[in-house]
Every structure is written in structure tokens, then in C-alpha cells.
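Working notes, beginning with the structure itself.
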Amino acid sequence: MVLFLSDSMAQSEEDRHLNFAGEFDCAPEPLPTLRHSASHVMAQAVKQLFPEVKLGIGPAIEDGFYYDFAKPEPFTGVDLELIERRMREIIAQDLPFVRDEMPREKAIRFFEALGEPFKVEILHTIDAPTVSLYRQGDFVDLCRGPHVPSTGYIKAVKLLSSSGAYWRGSERNPMLQRIYGTAWHSQEELDRYLWRLEEAKRRDHRKLGRELDLFVFHDVAPGAAFWLPKGMVIFRELERVWREVHDARGYQEISTPILVHRKLWEQSGHWEHYRENMFLVDAEEQVFSLKPMNCPESTYVYRQHLRSYRDLPLRFSELGRLHRFERSGTLAGMFRVRQITMDDAHIYCRPDQLQSEIMGVIEIVQLLYGTFGFESRFFLSTRPAKAMGDPALWEQAEVALAEGLQKRDLPYEVRAGEGAFYGPKIDVVISDVLARDWQLATIQLDFVMLPERFGLEYIDSDGQAKRPVAIHRAIYGSFERFVGILTEHFAGAFPTWLAPVQARVLPVSEKTAPYGREVFERLREAGVRAELDDRNEKLGYRIREAQLQKVPYMLVVGERESREGSVSLRRRTGEDLGQMELSRVLAELAAEIASRSVTLTLGRSQ
């Protein structure tokens, strides 16, 4: 038996799903293969320039690759330039990638002689008599491959950054130095990717959150956002549209406690499987937890009354504040936090109601995402090998999920065996303006965890007690992550209906300030979130500041506007729309806000 060993065998679970190179018995994707080959070229360059370093692993990841090295000091920017230059020299040599097979015991002695302890450690974890190595020039690495035929196939490569990374992803292991890079088939593709990276930096929600006064983070509460007044405007507008949609569809909003006794989590199974991710509180010789999810508590609302088949479906929605212990090194602004506001809902229904309820949730997904201009892609995850519950119910549920998608003419991909242990699910993915994918909504069917563990029942038409089916679903996923996504998608220039400040009034001089205040008051009376900037600063300076704050509209008022009851209208994009009657501005602005348009429409008909 020959084992084609990939560097990914030493990867963390978080990175493993991104390592496309070298799958067993299947043709690799071209770009991941190219990138994995580039990681070997980078390792060869590093060993030539820094012979004392020890090799870790070097997989392809999404949009690039990395390699880990044991080196006492971090790599510097100058080091990366030297390494990239040496990589280009190796690429120009067009060295073939040559695969060798070697008995595992011999490979252990081989890498011991080379002084590569991490490769030896990997080899000791392999239960196979033979392994594969790849060579290019004077460099050899333990790897299952595959690779491109030669280094000359790598046409466009760029090293991006370096950082510390624990061996095998555990803080109990040595800290290594990780270099990230990317490789593409052409320089044009690389240039487009580098532009996207720069654009992503410009749109970074952490940077914009500070600049636009939306939210901040402080070390007194790691992983928990301080929502500032303008950020709370966005939060509340998201709540408003969310409640409108759910209230119109028969959801009943509930609120359950944040601090809950451990016995609840023992009953749900979270104490056994999720305790390390929970914040625990000792009080009066008892153990409580800040809730990491809302699911188990919704059962107490269900059991508040004896339920009949006529009562179902019951749709309980909850904007619940959750706390999950994420390791400090994994926190990433709004994208990964410890305090989460989850837009949860749990639907309890009869099996014959499944399809209609699923279609109802899909409708909400499309409606809410469409409000922000997002299109959805759907994935159906089916019964895993270790599943709980009656297989017949699983089949019924999978058919219901599939038919719900089909009846709405929605294409979807099947992820066989990737359902939750308690039921199949639909996952929904959106793409932002930079073509980055974000998985948001999840529609999960549950026959066991809530209905069985908490003894949920309803009295059916035959007078017998039956178990309901539970549907777990969230649309935004979490307010924190969703606001982070929106901030980067819109680059802080939110649609008018969502913008913290929708209009700013700018009097040209002190003489026109009284009329400016009148315009400001008219806007406020019309329900527009407006500001009055009558500071003794030049008009150009105040216009520029309003643009930097992404205010959709600026209403400039001078002597002529004061006389004629009008304003001079400008957009944050720099367009000067000229003079308009104030009454028209108020009417069109109100219409734009009410329509929740994602584009600026005021003055478009001029």
C-alpha cells in the first residue's frame, strides 16, 4: 500500500476543509494544485536562504497557500521580499516535481538525518508501510501530492504576510512562523486578486466601525462589541424589518433567560458536547451558564400549555443574547465574537406541515436578503452516518426540504451526509460585492434533540399524544456578523433607509442658518434622521466631511434657497443635483426610505 501523505494531516480542523490538494482517488482542482506546488517552492526558497529553519506543513487554502517554519525570530518584510525573489529564480529553473515512494521506517530515518522533527512526528502518526515524497531540485518534502509537472507552471505568485501559528493548532505545541502567499494562472488574475485584497482592507468593518462611529471593541470585554448610537440605529432598523416580516407571518416573539442552570444543558446534551464553549457562573453552590444558544429554552415556552394538533404550527421567534467562549486568538471583529445577538426562531409543527413551513422560511430568507440586494445559493445536507431518529422520518424530512426548494424553483446542491445528527438542513450562502461567500441562514429539522429530550407532545386528531418536529432557523445568523458583512459590502455607504444619518443640512452662512434650522426641523418632523451642520467652517470642508461620514444626502441652503423655500441637493457620491423645492425633497426622500431601496433615488428624475 502506498499512502500519498498530504501536509494537511497535521492541519487544524478549521483549515482542513480548505485543503483541496491531493484528495484520494479524485482529480484535483487546478488552482489548489498550483498553490500547493507554490508552497513547496516557497519552502525550498526558505531553506536555501535560512538553512537552520525546520519544516512544518504547507497546504493550499482558499485563494492561496501557506507554509509553517520553526524559526526563532519572525520573518520580516525584507525576508519576504528575499524569499519571493528566490522563488522566482526557482520557478525560472523549471525544476520538475518528482514523486518518490519510500518505506515509512526508512522515511523516518531519512528525515531524522535531515534534522526535520516535525516531518518525523507526522510519519509516526501514519499507519501505512509506504509513503510518498516529492522532490524539486535539491529540495525534498513529505507529501501525498499531486503537483504541477514542474516549477515553471507557476506563472504568478505573491507572498502576502507572515504570522505566528501553533504547531497542529494547539497552544500546547511550539509556536511556528507561518508565511501566507497566493498563486494564480496569470498575472492578470493575480492583479485582480491583489486589488480585491486592498479593497477588502479599505472596507474592513473594524476600521469603518471606528471611523463612522458605529461600534468599537475594548479589552475590558474581549469579543463583545460596544454599540455606539449610530451603530444602534442600524441594529434597530434590522430589528424593525425583521419584526415586520415575522409578525406578518404568524411568528410569536419570546424572550428567554440569559443565565440558565446547568441541568438544562445536561438535558439538552450541550453540557456533554459543548461545555468548553460555555461561560460558567458559580452562585449559591450551584452552576449556571450564560446561554450559548436559545434552542432548549424555547421548549419551556412550548410546554407552558397542553398543545393540540390544531395549535400547530407554533412559530416562536427570539432575538436572543448569547455568549460563547471563543479563544482570544480566533476573535475577529464582528465576524467572530463572544457575545452574539441571534435572530433565532423555533417552529414546532406536525410532520405533514413540514413542507409548507420550510417554504415559508425560504420565502423569508429571499425577502430579507433581497432587501439588501443579495442573491441566495442553497445547499441541502442529508442524513449523516451517525444519525438519531427513525430513518423513515429522515427520508420524509429530506423530501420535504428538497420539495420546498423545488417548488420555489430554486437550484441547490446536495451535501450528502452533512446534516446535523438530529436532522437534515438547508444552508444558505450569499456573495458580497467582492465575490466573497458568506454562509448565513440555516434551516435545520430536528426530530430528536428538542422533541425527545424535552418530552414535547401534542394531542393529535386521533386523541393520541405525538411528538412534534422542531425546525431551528436563523436568517441574519447574528446581528454582529451580519452588520460586519453589510458594512464591508456597502463600504460603510449604507442604503438611505439603513444609514444612521440620512441627510445633513448645510447653511452657507450665518445669515441663512435660521432657514437651515427650519429645513432641519422639517426633515425631523418627516421622520428623516437628519443633522444640522451650521459650524463656522467653509462649506467645502463641511461637504467633504459629510461625504467621509457616508451621509446619503446633503441639503445646502443659501440666500436664494431661503427666499424660494428650496435646497441645493448633493449626494455623497459627489453629484450636485441642483436646486429642488423642499416639499419635493421631503416627499421623494420619504418614498426612498419607505421603499428600502439599496440605491440613492432622490432627484433621479431630474
Study note, to complete from the structure: Of all helices (runs of 4 or more DSSP H) fully inside the range 292-409, the set with 2 or more residues that are closer than 27 Å to residue 258 by Cα is 295-302, 354-371
Exercise for review: Just give me the residues in the range 150-192 being buried (at least 16 other Cβ atoms within 10 Å of the Cβ) and without any contact (Cβ under 8 Å) to a residue 40 or more places away in the chain, in sequence order.
Suggested key: 156, 166, 190
Point to revise | Sole residue being crowded, with 24+ Cβ neighbours inside 10 Å, among the aliphatic types (A, V, I, L, M) and assigned by TED's automatic domain parsing to the domain that holds residue 120, chosen from 90, 57 | key: 57
Check your understanding: What are the residues in the range 573-605 that are touching a residue at least 24 places away in the same chain (Cβ under 8 Å) and in contact with a Lys or Arg (Cβ under 6 Å, 6 or more places away or on another chain), if any?
Key -> 600
Review point. Do you know which of the residues in the range 411-444 that are assigned to a strand (DSSP E or B) and of a type in the set (Gly, Ala, Ser) is farthest from residue 483 (Cα to Cα)?
Key: 423
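For every residue, the table says whether it meets (1) assigned to a helix (DSSP H, G or I); (2) touching a Pro at 6+ places or on another chain (Cβ under 6 Å); (3) in the same structural domain as residue 162 (by TED's automatic domain parsing); (4) within 27 Å of residue 438 (Cβ to Cβ).
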site: 36; (1), (2), (3), (4): yes, no, yes, yes
site: 39; (1), (2), (3), (4): yes, no, yes, yes
site: 43; (1), (2), (3), (4): yes, no, yes, no
site: 66; (1), (2), (3), (4): no, no, yes, yes
site: 106; (1), (2), (3), (4): yes, no, yes, no
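Yes/no matrix, rows are residues, columns are (1) surrounded by fewer than 13 Cβ atoms within 10 Å (Cβ to Cβ); (2) within 16 Å of residue 324 (Cβ to Cβ); (3) at pLDDT 95 or above:
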| residue | (1), (2), (3) |
| --- | --- |
| 198 | yes, no, no |
| 201 | yes, no, no |
| 215 | no, no, yes |
| 228 | no, no, yes |
| 276 | yes, yes, no |
| 292 | no, yes, no |
Practice item. Looking only at the range 515-550, count how many residues are in contact (Cβ under 8 Å) with a residue 24 or more places away in the chain, outside any loop (DSSP other than H, G, I, E, B) and closer than 17 Å to residue 582 by Cβ. Key: 8
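For the range 130-139: of the residues being touching a residue at least 40 places away in the same chain (Cβ under 8 Å) and assigned to a strand (DSSP E or B), which is farthest from residue 63 (Cα to Cα)?
Filtering the range 130-139 for residues that are touching a residue at least 40 places away in the same chain (Cβ under 8 Å) and assigned to a strand (DSSP E or B), the one farthest from residue 63 (Cα to Cα) comes out as 130.
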Review point. What is the residue count in the range 238-254 for residues that are out of contact with any Lys or Arg (no Cβ under 9 Å at 6 or more places or on another chain) and surrounded by 13 or more Cβ atoms within 10 Å (Cβ to Cβ)?
Key: 6
**Study point:** Subset of the range 45-64 that is within 23 Å of residue 436 (Cβ to Cβ) and among the small types (Gly, Ala, Ser) - its residue that is farthest from the chain's Cα centre (by Cα)
**Key:** 60
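The values are calculated or read from the model by the stated rules, or taken from the named source; none is laboratory data. Small disclaimer: the values here were computed from a predicted structure and weren't measured. Using ideal geometry, Cβ is built from the backbone for each residue, glycine included, and neighbour counts are taken over all protein chains shown.
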